[in-house]
Structures are given as structure tokens and as C-alpha cells.
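Below: the structure, in C-alpha cells.
The values are calculated or read from the model by the stated rules, or taken from the named source; none is laboratory data. Here the structure is a predicted model, which means the values were calculated and not measured. Heads up, the Cβs are rebuilt from the backbone with ideal geometry, glycines too, and the neighbour counts pull from every protein chain shown.
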Amino acid sequence: MPKLPECSKCFLYAHDPHLVCAVHPEGVNDDSCLDFREDPNADPLELWEPEGARYIDGELHIKRTYYNGEEITQPPQLWIKEEKLELLDSHPMFTGFCPQCGHKFRQ
């Protein structure tokens with residue numbers, strides 16, 4: 001019988017590698033335990049947040065922010081893949097040549 005995730009926060013938890021708890025030494029056969037009693041002295045669950053992320057309902061989400069810290073969503077893509085490749089092939093920053101005036105840039 002398996003140990004449940006909440007067993008380590010239970011007052012009856014044995015803290016033993018061979019026993020789960022005093023009431024159910026081998027674990028329970030269900031997704032929950034009717035004998036669960038939250039241990040007031042149990043270590044709180046630490047939800048570490050890397051910079052640029054936050055927890056929403058216990059799940060880590062990456063935040064997208066502007067410089068002023070307001071959360072934004074990813075803007076829609078304006079160009080298709082072929083247009084992006086064309087830009088790489090023709091833009092003066094990548095070619096070293098201005099298509100309008102013909103000026104050559106040092107690279």
C-alpha cells in the first residue's frame with residue numbers, strides 16, 4: 001500500500017522508512033486517509049519561486065513582464081517564418097548593404 005503525499009504532514013506519521021504511520025503502518029488503499037490529522041509542528045511546504053515566476057494554485061508559472069513590472073501576455077507573432085527568413089537575407093544589419101541607397105556597412 002502506498003504512502004500518500006500528505007502523510008509527511010500528518011500527526012500520526014511515523015518518520016520511519018519501514019512504517020508509514022501508527023494507524024496504517026503499510027499505507028492506505030485509497031487516494032485519501034480518513035485518519036489524517038494535520039501536524040501543527042510539521043515543516044511548512046516551501047514553494048521556492050525563481051525570479052520571473054510565481055505559483056498559482058500550487059503550480060509554477062513563468063511571468064512575462066515589462067520593465068515596470070506589469071504582467072503581460074505574449075504578444076501575437078506579426079510575421080510568418082518565411083518573412084522572418086527573408087528579413088535575415090535582406091536586412092542591412094545582416095547583409096552589410098543598404099538595398100535603398102547602396103551604401104556598404106563594415107561588418
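Based on this model, can you work out whether LEU45 counts as at pLDDT below 75, not in a helix (DSSP H, G or I) and not polar (S, T, N, Q)? Considered against the rule, which asks whether it is at pLDDT below 75, not in a helix (DSSP H, G or I) and not polar (S, T, N, Q), LEU45 comes out as yes. A Cβ distance below 7 Å, combined with a sequence gap of six or more or placement on separate chains, defines the contacts here; from the range 31-44, residues that are under 14 Å from CYS7 (Cβ atoms) reach residues that are of a type in the set (A, V, I, L, M) in the pairs CYS33/LEU4; ASP35/LEU12; ASP35/VAL23; ARG37/LEU12. Among the residues making up the range 1-34, those that are more than 29 Å from the chain's Cα centre (by Cα) and not in a loop (DSSP other than H, G, I, E, B) are TYR13, CYS21.
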